[in-house]
Amino acid sequence: MTEPTLSVRDVIKELPLGSERISILGGVSFDLQAGEMVALMGPSGSGKSTLLGIVAGLDRPTSGDVILDGLEISRLPERRLAAFRASHVGMVFQAYNLIPTLTALENVQLPLFVTNHNGHHAEHAQHVLETVGLGHRLHHRPSQLSGGEQQRVAVARALVSAPPLLIADEPTGNLDSESGAALMELLSSLRAELGLTILLATHNDAVAARANRVLRLRDGKLAGP
Amino acid sequence: MSLIFALRYIVRSLWRGGTPALLAMTCIAVGIAGIVALQIASATVSNTLISNVRAANGGDISLSSNASPLSAGDLDVFRSLMRAGRIRGWTAASTLHATAVGENHDLIPFEVEVVSSPPYPLGGEPAFASPSNGRVETALARPGDVVVSSFLAQELGAQIGSRFVVNSIGGRGLMVVIRGILNQTNFSQDDTMIVQRRYAGALGRATTYANVFVNTVGPPASLAATLRDAFPSATVQTVTEALQADKAQVHDFQQFLTLVGLLALLIAGIGTLNAMQSMYVRRRLEIAMLKAMGYRNVALYLLFGGEAIILGLGAGVVGALLGALISTVITSALAAALALQVTLVIDPRPLLGAVGLGVGATLIFAVIPIVRATSIRPLELLREGEGGMAWRGWTKTIGLIVLVAILFMALAATELGSTVLAVELVAGALAAFAVLTGLFALVLTVLERIGPPRSRPAGILVLLVLLAGLAVTAQRVTPLAAVVALAVVLWAVMLFVPVERRLPMLVAIRSLSRRQARTSVILVAFLAGVLAMAISLTVAISLRNQINTALATAATNNLVAIANSSSARQIVRASHSLTGVRSRQAVLVAQTVPVSLDGRPFDVFAGRLPSNDGDASIDTRRTLGGVTGYDLAQGSRPTNLTLAAGRTLGSGDSGHDNILVNAVLMRPPFSLSLGDRIVLRATDSDRSGSGHIVGFYVVRRATRTFGSFFTPPVLADRSFARRIGGSGAQSIVVFSVDPTHLSTDAATLQRAVPGALVVDTAALVAIVNQVLGELLDVLAVITALVLGAGTAVVGNGVGLAMLERRREIALFKSVGFRNRSVLGFVLLENALIGTLAGALSVLGVAIALALISHFALRRAVGFDPAVAVMVLVFATGLAAAIAYVAARGPVGVRPIEALRNE
């Protein structure tokens, strides 16, 4: 069997609450193979977003390992972690989180400025935007785009540096059902075309149904399928 | 809601309010600190100035007659009054012009007051700066002992025990020792030395009296009237009048400082408004819930008003304490600038008043945020989770701004004691804010629309236009070239720097224009401080540089020696050994007062004289105050004048009474014409002479020289001056000296002729430097308060922006930007604000200097490009530094926290 793209081993996350410590994640382990789309489900407060943050390198586990693309990231220094995030992880959020002052094209270019991506940033970003069907909205600002379009810009931004892993936290949470379905269609096709590995958190069964498999998180621990 | 519950809610809300609440309080505290500091400083200085008016006046009544000193015979009036029992004591003091070499080896000119002590001082002992328990009689007890004013001590660089030689006309040089230094008693910089009459012989003859001090038996007012009748050209002042004059001066001074403090409070108040706005935006769901539960607007006004009161109380207490601390710095600066010895007295009343002022000001600036917060539409907000705080209706906005302005006017009127001044302050500030906000909005819009360049050729074309603009401004308005140069650099960055490098610039410009309203307010607040400092400092620096340069490089008539008529040859002889002398001209001068003009007594005109001539700025009273006699037979001639009528003087006028007079005398009320006669009398004797007008002249401002200050305005042959002046006539030798040898030659000449008074432009440079240097210190301290308020608003704005843009920062970090890069974005954004404020300040200073040059000084005052660059760099650096302090913490936000679905 090939080396998994993502390997999460015994990840524990505790946070202080007053004089006590509360457990957010209680020893989570799983692997993601290349090209796999995995849905992470669970009730609010079960630790989904925390787990995604740790996997994305935005947060550090209290203990445990996260190996992404062959590199243990949970103990990388901040400087290297930032660079690693830019090149190895694409993130899509429920609230789109586009920079309101930048156009769609400029938003998509953002990660390229960090990675010092060789070549023509604008052309590459434009190509990715065209891939997600927004070739005609290149110079529009977020406030001039619909929710579905904003989320597609967010997807384009997540993919522009060709990361091996795409993480999506409730990507359809702010979209109507039609736009949500369109977005999932887009993610599925991108996975198929680019061999992208996707880990997405959702409450939506229809979204989860499009995944190869579903991980269920309850009280910080993975339950059976 | 019960009172206890309401109080609990208010206190906990503020506690939870975090940074915005703290920022709101800080801003008001800074403003209050400014007012308190200035109030304490002005009260301390004012107390010092009016604490001993009688001593400052010299007695119950003081009589001054500098232009036409009293003769020994004139003093009979006082002897008669003494015999008549109307006065119980009097003493007369003579005034001599003198010089001494200061610690910098410059010749310092000053006045020597020759007194008889006792009975001088009649008004009680003046306040001694050193020794603190000094007495005049004791300090002047031995030969050579003198007392000097604080300002003169500073000029000379002298202290108690310092020894130096004092030279005066007709004297032989007096070695003096400083035994006392007097406190200043008014705002003018007195450079005076007091000498005991019986030891003053070495300074020359002190036979006329410029000041007489009197203690009265009855009410001083009636005796003052008698003295005014007896000496119409003298200034007579009672203690009451002196006190009124001092109080008027002090009142203006205090009002000015309060005005500056209120301006600082107004600027700081805008920061509070912003912060409270942000505080309520963060609590919008809570407010919506309260409204949904049935709370009416009035209840919310009371709750939020209570929060404002508590914030104001905190700000008042902190501001009062901070102000008391700052007042020590301001008081020291003011005392140093005014050469005053002050004891800081912190009165608890202004401190308590400051707490009330803090509450009042916070409530005023909280009006808009509170009304806006209570306008929330709860249904929309609770259902959608956002929106619901849209500000609808310009009329409501304008109405609220007007309300805040009126409330602040009322507050300012209470502080200033003048409604008119309060209205002018607020209306002026509002107008300036409106204009500048509009201007900034325009600049930001243009910046956003222009950049970045879409195509390289078009961008290069714009760059060429900017370069052409730079060339033009560099030629014509050099300081503005600094601003255009900045635009060239910014544009070149946008044009040539790779896209990934110019991203911060792009983000900065877009962010600024996206939050245009708040950015404009921050910009204006910051600009007010930078502009106030830039204008005051650059005007003072430019003036100093111009005056210094003009005086230091003037090679014409830049050294003057004044002596008794018998010493003229000695001066000329001594001057042959000077290395830098290029030319010399000796004249004989007689000090005179006019007796009659064309047969009409001069007193006829006295009541109709304008105090100042509008065209030539020459005091018309002085146009007849002396005769300058040229050796016409030897070819000496008046120079640097233009004839308005008649002819000039020539060798044919030698031995005759033909005279040239100022053309001012051709105009009413004198209306003299060619051929008219003028009778003049010597100031120190009864000798008089009648001059026949053969010409009227005009001295152009540009052709006036240092020497022309010493030569009286009626020009005639030497024999005419001798006839009126007699033995009291003085010789004045005016030299043109190479500026590089000026100081040395002046000191050499003074040593060679101790009975002469040698004055040169270098001495004026030293005085100008000292006076303007101290003025600069005061201006710097005062404007720093306004700048401090602007700084607080910028810090406040950055702090709030960091809170509001948490997600944006987190997002930059989530795609791989490091803290340093994100901080760089914030710094650049705020540096841009500083640069804009600096650029507009440079523009403002250039305009102000142009106006001052045109209307006030009537000569061009240059604006040093280096100062323009300094203002730009300072404003940019300060804004970036404030942003660094305010943003360093917030950019460390953990992305996972900010990017969660808040």
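Brief remarks follow.
- Hits in the stretch B:307-333 - residues which are open to solvent by less than 30 Å² (accessible area, probe 1.4 Å) and under 14 Å from B:Ala24 (Cβ atoms): B:Glu307, B:Ala308, B:Leu311, B:Gly312, B:Gly314, B:Ala315, B:Gly316, B:Gly319
- Total residues in the stretch B:814-826 satisfying the condition of being more than 7 Å from chain A (Cβ to nearest Cβ) and closer than 15 Å to A:Asn107 by Cβ: the figure is 1.
- Residues being in contact with a Leu (Cβ under 8 Å, 6 or more places away or on another chain), under 30 Å from B:Val778 (Cβ atoms) and buried (at least 23 other Cβ atoms within 10 Å of the Cβ) - total across the stretch B:50-93: 1
- For the stretch A:30-43, a residue qualifies if it is under 18 Å from the mean Cα position of the chain (by Cα) and either over 22 Å from A:Arg191 (Cα atoms) or within 11 Å of chain B (Cβ to nearest Cβ) (or both), and exactly one does: A:Gly42.
Residues are listed down the side, and each one gets a yes or a no for (1) at pLDDT below 80; (2) closer than 27 Å to B:Asn830 by Cα; (3) of a type outside the set (S, T, N, Q):
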| position | (1), (2), (3) |
| --- | --- |
| B:Thr445 | yes, yes, no |
| B:Gly451 | yes, yes, yes |
| B:Leu466 | no, yes, yes |
| B:Gly469 | no, yes, yes |
| B:Val472 | no, no, yes |
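- Cβ separations smaller than 7 Å between residues 6+ apart or across chains give the following pairs from the stretch B:394-413 residues that are open to solvent by 70 Å² or more (accessible area, probe 1.4 Å) to residues that are part of a helix (DSSP H, G or I): B:Leu403/B:Val367.
- Failed item in (1) in contact with a Lys or Arg (Cβ under 9 Å, 6 or more places away or on another chain); (2) open to solvent by less than 30 Å² (accessible area, probe 1.4 Å); (3) modelled with pLDDT under 80; (4) not basic (Lys, Arg), with B:Val114 passing the rest: (3)
- Leading residue by the ranking (nearest to the chain's Cα centre (by Cα)) among those in the stretch B:359-380 that are aliphatic (A, V, I, L, M) and at pLDDT below 80: B:Ile376
- Conditions (1) basic (Lys, Arg); (2) open to solvent by 30 Å² or more (accessible area, probe 1.4 Å); (3) part of a helix (DSSP H, G or I): number failed by A:Arg60: (3)
- Cβ separations smaller than 8 Å between residues 6+ apart or across chains give the following pairs from the stretch A:176-196 residues that are within 14 Å of A:Val128 (Cα to Cα) to residues that are open to solvent by 50 Å² or more (accessible area, probe 1.4 Å) and not in a helix (DSSP H, G or I): A:Leu187/A:Arg210; A:Leu194/A:Ala162.
- There is no residue in the stretch B:94-109 that is open to solvent by 30 Å² or more (accessible area, probe 1.4 Å), at pLDDT 75 or above and part of a loop (DSSP other than H, G, I, E, B).
- Among residues of the stretch B:819-842 that are assigned by TED's automatic domain parsing to the domain that holds B:Gly790, those with a Cβ under 8 angstrom from a residue that is outside any helix (DSSP H, G or I) and open to solvent by 10 Å² or more (accessible area, probe 1.4 Å), sequence gap 6+ or separate chain, pair up as B:Leu823/B:Arg888.
- Verdict on A:Glu3 being over 26 Å from A:Ser87 (Cα atoms) and more than 14 Å from chain B (Cβ to nearest Cβ): no
- Filter pass, B:Gly124 being surrounded by fewer than 23 Cβ atoms within 10 Å (Cβ to Cβ), at positive phi, at pLDDT 80 or above and not basic (Lys, Arg): no
- On inspection, B:Tyr209 qualifies as among the aromatic types (Phe, Trp, Tyr) and touching a helix residue (DSSP H, G or I) at 6+ places or on another chain (Cβ under 9 Å).
- When residues of the stretch A:201-217 are limited to those that are out of contact with any helix residue (DSSP H, G or I) (no Cβ under 7 Å at 6 or more places or on another chain) and open to solvent by less than 30 Å² (accessible area, probe 1.4 Å), the one nearest to A:Met37 (Cα to Cα): A:Ala211
- Taking the criterion of being under 16 Å from A:Gly53 (Cα atoms), assigned to a helix (DSSP H, G or I) and of a type in the set (Gly, Ala, Ser), the residues of the stretch B:784-816 that qualify are B:Ala810, B:Ser814.
- Number of positions in the stretch B:265-306 that are open to solvent by less than 10 Å² (accessible area, probe 1.4 Å) and in contact with a Ser or Thr (Cβ under 6 Å, 6 or more places away or on another chain): 1
- All strands (runs of 3 or more DSSP E) inside the stretch B:578-684 with 3 or more residues being modelled with pLDDT of 80 or more and open to solvent by less than 30 Å² (accessible area, probe 1.4 Å): B:581-590, B:592-597, B:627-630, B:658-662, B:677-682
The values are calculated or read from the model by the stated rules, or taken from the named source; none is laboratory data. Keep in mind that what you see is a predicted model, and the values were worked out from it rather than measured. Backbone-built Cβ (ideal geometry, glycine too); neighbour counts: all protein chains shown. Side chains are part of the model used for accessible areas, which takes the heavy atoms of the whole protein and leaves out ligands, DNA and RNA. Shrake-Rupley method; radii C 1.70, N 1.55, O 1.52, S 1.80 Å.
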